[in-house]
Every structure is written in structure tokens, then in C-alpha cells.
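Worksheet: the structure to be examined is printed underneath.
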2 protein chains.
Amino acid sequence: MITIKEIADLCGVSRGTVDRVLNNRGNVKSEKKQLILKVAKEMNYSPNPAGKALAARKLKPTVAVIMPSLGIGFFDAVLEAMKKAEASYYLYGLQVEWHITQSYDVEVQCRQLAELNERVTAVILMPINHERIGIEIKRLTDAGVFVLTLNNDIENSTRACYVGTDYFNGGLTAGALLQMLNRHELNIGITLGSLQILGHAQRLAGFRQSIADNAQAKILAVTEDQDDEILSYEKNLAMLRQHPEINALFAASSGGIYGACRAVITCGREKDISVIAFDTLPTTIEMMERGLIQATIYQHPRRQGQIAMQIIFDYLVNGKEPEKELNLLTNEIRIKENISATADMI
Amino acid sequence: MITIKEIADLCGVSRGTVDRVLNNRGNVKSEKKQLILKVAKEMNYSPNPAGKALAARKLKPTVAVIMPSLGIGFFDAVLEAMKKAEASYYLYGLQVEWHITQSYDVEVQCRQLAELNERVTAVILMPINHERIGIEIKRLTDAGVFVLTLNNDIENSTRACYVGTDYFNGGLTAGALLQMLNRHELNIGITLGSLQILGHAQRLAGFRQSIADNAQAKILAVTEDQDDEILSYEKNLAMLRQHPEINALFAASSGGIYGACRAVITCGREKDISVIAFDTLPTTIEMMERGLIQATIYQHPRRQGQIAMQIIFDYLVNGKEPEKELNLLTNEIRIKENISATADMI
DNA sequence: TTGAAAGCGGTACCAT
DNA sequence: ATGGTACCGCTTTCAA
């Protein structure tokens, strides 16, 4: 555990000079610089995060959280974990600006990114997958802002890192599980939020791959429910009536699972349709207890929020670069026996 | 974000006095004490962890890790995560003393606990469930040492907290899953490490409960394999030969799963026996790819190690009491599609 | 180009 | 019983 002071002593210079070299602030004679760098490397210097954190207070490090997800159950859990992290990081002087909106609207998100307070040095963003958002991200990163995408990524952007799940794998896992649980002919109906949402499209692709080699399984219809329970209810009702031979439902939506289940019940098909869903909203758990949903894919919502905040904290307060660009959480399988809401609080 | 200095100014005393009050070091006149406590409460004072961490360096906070688990695959992952945490906490001056042994021996563990360096202020312990260990823990906690039990708990002890899984629920989940995946008559063989290990006994109890209401399912034999692959191979071979009607295997052992699978293969029963296992050792994954193991229960080994170290760090370095006494991780279900070793590194 | 010093929040020790 | 001060490691500012 070598410190800046020790390096300074070893090199016969002052702490200020060492600091200037290690943080590339210039104004140091080249030979001193080389010596300092050499010693620092040899001694395996790594700054003490506590010292950094204490000094960082004066800079009022600020992160903006931008999420177009107000009221969607899954994201409420993500947000809750982030708020909890905020409280503990508050003691270090980390400031959080919340921009939580309901609209999944490119225009709105562009404006949010464009109008950021200039004290903001980091952004946690659930991005809309659109070229214009990519341009705004580029502008921010060029200005030195640390941008982290959460839950959904955006293609070809300059963001520093991503925290979320592998959606393709989520679909693949759900599909494999559906077939393991139902070893008979499968006539599948699918409901998902929107194919415009990158993650949902990837889920569908993963699911398709999982049934590709199974001659007994086929997809009869795909419904887009816009993550809206009421719309989901209506559209799934229509789908089930149009395809009475459906005996399995892949509910890959973020906000339309309950509506889809209610549609199954309304049709009187509760006993002969198997449902695989995503996430563990209270209504989803209710439908699992009832036996309608066989299993659900858990995506660690709280952990997603927690990891995102921690990466920002480490970067802004402790001056630590993120270890990985892609922080992918595992898609877990939950049945009613291992839903365990309390354990997920960790 | 009020500080000690600000409280001191508000109360017209020095920082030292405030510090004495807030940390119960005595030697403060009662009226001043009351005033300081009142102001601290009103201003919602909470110490800055960075300041604490910086000051804690001088005390050389030291934790001892005692685990009788050398060479058991599952615990290697726990240890690996702890070593990684050690590296990052090292920068704060946290010292870790490792006591990793192979013997699951009460005598050895008692001696390890009795002979701890007196600079050790915290212990992470994978305890043997024996009265004598409880007595040693009591002695340590009385002396002010923070004791955390990891992966297995010990009954009626004075340890500060536990990090691990709910074994009963693990058995329950495994049992429910086995029945969901195999909707026919189930003649079940069970292999587990030892009924002397609290967790394994609890797993079995959970499993029994899961099949209690299923007239089609019954347990034909329970084998204790001592978490040893070779012994497991031999004993499972004997079990399978004695009970040729076994068509499902509950492999609840920590170190005998591969041996049990090999026994199934040797018997030529690979096609007609379904196996549910625990953890994701390389050999277990191999048997999943092969189709012999249908699913496995994942117990977050890395996360267990990580959380244990973090609780110790927060306590010793940041002076933060643990939030919860029981830190239970969820039993996750993994099939070959969502094994994803890389994601679990987070 | 460089050094010296103050300050971030908390703790510990010495002097009174 | 209380205040003052030095120190933990790092950053920043000011003076030279």
C-alpha cells in the first residue's frame, strides 16, 4: 500500500508534483515525470479510494438518471434499488438528478439529453434505440461525460458501458424451458411489447432458435401489446379466439403479462394453456400461484440498478474505471417455489 | 450532509467532544452530551464513510477467513470471489488472514478459532455445526470480535450474521422442478454428502415436503456419499443395482454429483434416469450438455463470498453495522441454456 | 516548473 | 471533562 507521499519521498519531489504526473496535469519536467512513473509502476501504486472519495466531495459529483419507464413494474424495482444506492452514496457527496418519464418518445429523450445541467458528469440512461439518441450520446461522451446504458443497450454508440441482461439468451432459455415442461405438440402464441424495442426483438429471435429443431413446436401468432395490460388483454383475446389450437403462450412483454393471462382465463382455456413469462411482478406471481404461469424468467431488476449505481460511484467518487464494458446478468428461471421476494432484496 | 465539525460549531464544543459522545467514549458532561445527541439527531447526522475509512487505516483492521473446504469445487468459487474482494479492499488497508483447510474436523476448527491472532477483529467462518464451535464463537463475540457465518449456519450461536442460501427451500425447489419436468411415476434415489451436515439434512427435508402430496412419487433410497466422487460412484452404483426401478436421482451432494452420474452411465441407465443436481461445477455442466442432468440449483457461490467480504468491510472500515442478520440468496434454477459462467462473474 | 499548505471527515492522543 | 492538534491519502490552489 504505497502512497503518493511515499513516491514523492522516494523521488525527492513534492506530493504536488507526483499528483500532476499521475493525473496528467502537465507542467512537470520530462525526466522527473519518467522517474515518478517508473517508481509508481514498480511499487504497484494504486490510489486509496477513501482519500479520493474525501477529496471528491468538493467537486459535487453528479449523475443524471434518465429512464422512460414510469409505472412499469419491472423498472420500479430497478429504480427502487437505485434510490437505495443513492441514499448510501449520498454520504460521500454523490448527487443524483432523476429524470423519470412515462413517454417512450425519441423527441423527449433527446431533449432530456440535450438539456442536461452542465454539472452532470455521468448519465445512467435507459436508451431508446434510435440514431438520434446515439448522436446525443456521442456529444456527451465527447464532452467527457460518462454514459452508462441500463437494461437496454443502443447499437453502435459511444457509451462507456452497459448493464442488463442478454435478451437473446432470455428467449432461448424460455423456449427451452417451455419444451422441457411440455413434451407434446406445442402450438405457441406469443405476446411481447413491441418489435421496435431491441430487447423484445432479440427475445423473440432467441425463442425462435430454441424451437427451430423441434418439429412438434410451432408459432401460430405474435402479438404486440405495447406493454399495456388493457391492450394486451384485448389483443390476446383476439389471438386466442382466432387460433383456438394454441396450447402455449410465451409472454415476453414487460407490461402485458397480466392482461394476457386474463385473456386466457376469459377464454376458459386456463387448464390447457401453459404460460412462460418474464419477471416477477405481483400479478405474475399471482398467476403462478394459480397455476396458469408455469415459470418465469427473472432478470435481476434490483441488481441491475445496484450495479449501475455502483459503477458510477466507483468512477466519479473513487476514480476507478469500470472493469467491464458489458455487465450481463444471468437470466434465471423461477417457479413458484423459488420466487422468494425477500432474498432478491440483497 | 452534516459533519462532526459542524455539530461541534453548533454546540459550541470541540470536535473531540462530539466524537466522544457519538462513539460512547465517555468523559463528557451529561448536559453537553444530551445537547450533542439532540443536534446530531435533528440534523440527521451520519458519519462519512470515506473519513472513517481513512482514519481506520491506522488500526490495521484484520479479518480471518476460516473454511474447511479446500478443493471442493463449489467453495473454490466462493473463495475466488473473496480473493477478488480482498484485492479491492486491500487499498483501504483491510488485512485478510486465510485459514483454508481440508479437514471437516471439529477439533481443527476449534483450534483455529482458539488460536486466532489477537489483532483479528472479525471472522468469516464456515462453521461445523457442533456445540464446541458455538462455545468458541461465544468467546470471540464476548471479546468484541465480529463473527459472520458463511454458506452454512450454526444453530443457537452468537454470530453477528449469516450469508448463504435457504437449504430447505433448495430442496423444495429441486423437488418441485423434478415433478414438473417428469409427470409420471417417480421412483427416486437420493445422494447427498452427509446428514451430519445441517444444510444437506435441510435440503432433504425440503425435498420430502415437495413430494409429500404426490402419490406418484416416492423415495426408494438415500445415499450418503461424504462429498467424495469415488465413494459416491461406488455407493450410487450399489443403490442403482439394488433398486433397478429408480428412474430419478436427486443429487444433493456438494462433491459427489459426478460420481453419481458416472454410476448411472455404468449401469446403462442414462436414457431413463432423470437427474436434478446442485451447483454448476464443470463436471455438472458436462453432464447437463450430455442430457443426463436435467437441471441444477445454482446457489450464487461468488455472490456469497462477495457479500460476506462486503459486510466485513463495511463494518471494519466504514463502521457500518450490517443491515440484516440473515442474508439469504435465492436458489436459482439453471438448465443448460442459462448456465452462463461469464455472467456469474459479476 | 515546482513546492508548500489547506482542506475533505473522522479518530486518537496529549495537554490542560 | 475538554480542547487542540496531528494524521489518514488525495486534490487544489497559491506562491515562488
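The values are calculated or read from the model by the stated rules, or taken from the named source; none is laboratory data. Note that this is a predicted model, so its numbers are computed, not measured. All Cβ positions, glycine included, derive from the backbone under ideal geometry; neighbour counts span all protein chains shown.
Below is a table of values for the structure above.
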| read-out | value |
| --- | --- |
| Meets criteria (crowded, with 18+ Cβ neighbours inside 10 Å, closer than 30 Å to A:Leu59 by Cβ and outside the structural domain of A:Arg269 (by TED's automatic domain parsing)) for A:Ile339 | no |
| Some residue of region A:244-262 being surrounded by 24 or more Cβ atoms within 10 Å (Cβ to Cβ), in contact (Cβ under 8 Å) with a residue 24 or more places away in the chain and within 13 Å of another protein chain (Cβ to nearest Cβ) | no |
| B:Gly175 vs. criteria within 28 Å of B:Ala122 (Cβ to Cβ) and not in a loop (DSSP other than H, G, I, E, B) | no |
| Qualifying residue in region A:194-203 (condition: modelled with pLDDT of 95 or more and of a type in the set (A, V, I, L, M)) | no |
| Residues (at pLDDT 70 or above and more than 7 Å from chain A (Cβ to nearest Cβ)) located in region B:335-346 | B:Lys336, B:Ile339, B:Met345 |
| Number of positions in region B:283-306 that are farther than 24 Å from B:Tyr162 by Cα, outside any loop (DSSP other than H, G, I, E, B) and away from chain A (no Cβ under 11 Å) | 8 |
| Residues that are more than 10 Å from DNA strand D (Cβ to nearest atom) and not hydroxyl-bearing (Ser, Thr, Tyr), drawn from region B:36-55 | B:Leu37, B:Lys38, B:Val39, B:Ala40, B:Lys41, B:Glu42, B:Met43, B:Asn44, B:Pro47, B:Asn48, B:Pro49 |
| Any pair with Cβ under 7 angstrom, 6 or more apart, that starts in region B:2-23 at a residue that is more than 21 Å from B:Lys320 (Cα to Cα) and ends at one that is assigned to a loop (DSSP other than H, G, I, E, B) and within 9 Å of DNA strand C (Cβ to nearest atom) | B:Ala8/B:Ser14 |
| Among the candidates B:Val106, B:Val96, residue that is more than 16 Å from DNA strand D (Cβ to nearest atom) and in contact with a Phe, Trp or Tyr (Cβ under 9 Å, 6 or more places away or on another chain) | B:Val96 |
| Test: residue in region A:8-31 that is within 14 Å of another protein chain (Cβ to nearest Cβ) and near DNA strand D (Cβ under 10 Å from one of its atoms) | no |
| Residue within region A:108-120 that is modelled with pLDDT of 90 or more and within 29 Å of A:Tyr298 (Cβ to Cβ) present | yes |
| Qualifying residue in region B:181-190 (condition: within 14 Å of chain A (Cβ to nearest Cβ), surrounded by fewer than 19 Cβ atoms within 10 Å (Cβ to Cβ), within 25 Å of B:Leu237 (Cβ to Cβ) and in contact with a helix residue (DSSP H, G or I) (Cβ under 8 Å, 6 or more places away or on another chain)) | yes |
| Some residue of region A:307-318 being more than 9 Å from chain B (Cβ to nearest Cβ), part of a loop (DSSP other than H, G, I, E, B) and hydrophobic (A, V, I, L, M, F, W, C) | no |
| Residue in region B:39-57 that is within 26 Å of A:Tyr89 (Cβ to Cβ), touching a Cys at 6+ places or on another chain (Cβ under 8 Å) and either within 8 Å of DNA strand C (Cβ to nearest atom) or of a type in the set (Lys, Arg) (or both) present | no |
| Residue list for region B:99-139, restricted to those being touching a Leu at 6+ places or on another chain (Cβ under 7 Å) and among the small types (Gly, Ala, Ser) | B:Ala122 |
| Residue check, B:Ile297 closer than 28 Å to B:Ala53 by Cα and crowded, with 23+ Cβ neighbours inside 10 Å | no |
| Extreme residue, farthest from DNA strand C (Cβ to nearest atom), among residues of region B:60-91 that are within 13 Å of chain A (Cβ to nearest Cβ) and exposed (fewer than 15 other Cβ atoms within 10 Å of the Cβ) | B:Ala87 |
| Residue in region B:185-204 that is under 19 Å from A:Arg334 (Cα atoms) and not small (Gly, Ala, Ser) present | yes |
| Residue in region A:142-161 that is in the same structural domain as A:Pro61 (by TED's automatic domain parsing), of a type outside the set (Asp, Glu), touching an Asp or Glu at 6+ places or on another chain (Cβ under 6 Å) and not in a loop (DSSP other than H, G, I, E, B) present | yes |
| Failed item in (1) surrounded by 22 or more Cβ atoms within 10 Å (Cβ to Cβ); (2) part of a loop (DSSP other than H, G, I, E, B), with B:Asn214 passing the rest | (1) |
| Looking only at region A:19-33, and only at residues there that are more than 8 Å from DNA strand C (Cβ to nearest atom) and modelled with pLDDT of 90 or more, the one that is nearest to B:Gly93 (Cα to Cα) | A:Leu22 |
